[in-house]
Amino acid sequence: MNPFSMNTEYGENEMHLKNIAVRTYHDVDIAWRLQNRFQSAKNQNFIATSELIKRLLILGNEQAEFIQTLGTGYRSDGQRHPHSWSIIDEAECIEWVKSILGK
């Protein structure tokens, strides 16, 4: 079970996010994944989340964003990993949350 599926046969849960600010962050480093994990883009979660953001934009959600970075994912020990929290610009994200909350 997944709250979002690109296959509309399984539901259209994205409609519940129509009026909610949504951001997804992805270090879309396909070359790194191919060389280090032998993974193509085919099964990466940025494909599903880009579809989610597309659907939200179509529904009229002007606060739906896909934030793409490249080469920003590093763990605290310096190990390269595209799913590390370092892909997020913390200060910018906090300002975004504050703007959404009206602070």
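Remark: pairs (first residue in the stretch 37-59, within 20 Å of Thr8 (Cβ to Cβ) and part of a helix (DSSP H, G or I); second residue open to solvent by 30 Å² or more (accessible area, probe 1.4 Å) and among the acidic types (Asp, Glu); Cβ separation under 9 Å; 6+ apart in sequence or on different chains) = Ile53/Glu65; Arg55/Glu12. Would you point out the residue of the stretch 71-103, among those that are charged (D, E, K, R) and within 17 Å of His26 (Cα to Cα), that is nearest to the chain's Cα centre (by Cα)? Here the residue is Asp89. Residues in the stretch 43-64 that are at pLDDT 90 or above and open to solvent by 60 Å² or more (accessible area, probe 1.4 Å): Lys54, Leu57, Ile58, Leu59, Glu62, Gln63. The set of residues in the stretch 1-36 being open to solvent by less than 30 Å² (accessible area, probe 1.4 Å) and in a helix (DSSP H, G or I) consists of Glu14, Arg33. Among the residues of the stretch 1-37, those that are of a type in the set (D, E, K, R), at pLDDT 90 or above and more than 18 Å from Gly60 (Cβ to Cβ) comprise Asp27, Asp29, Arg33, Arg37.
Of all residues in the stretch 33-44, one or more are of a type in the set (Ser, Thr, Tyr) and farther than 21 Å from Trp96 by Cα.
The values are calculated or read from the model by the stated rules, or taken from the named source; none is laboratory data. All of these numbers come straight from a predicted model, not from anything done at the bench. Every residue, glycine as well, gets a Cβ built from its backbone with ideal geometry; the counts of neighbours run over all protein chains shown. SASA here: full protein model, heavy atoms, side chains in, ligands and nucleic acids out. Shrake-Rupley method; radii C 1.70, N 1.55, O 1.52, S 1.80 Å.
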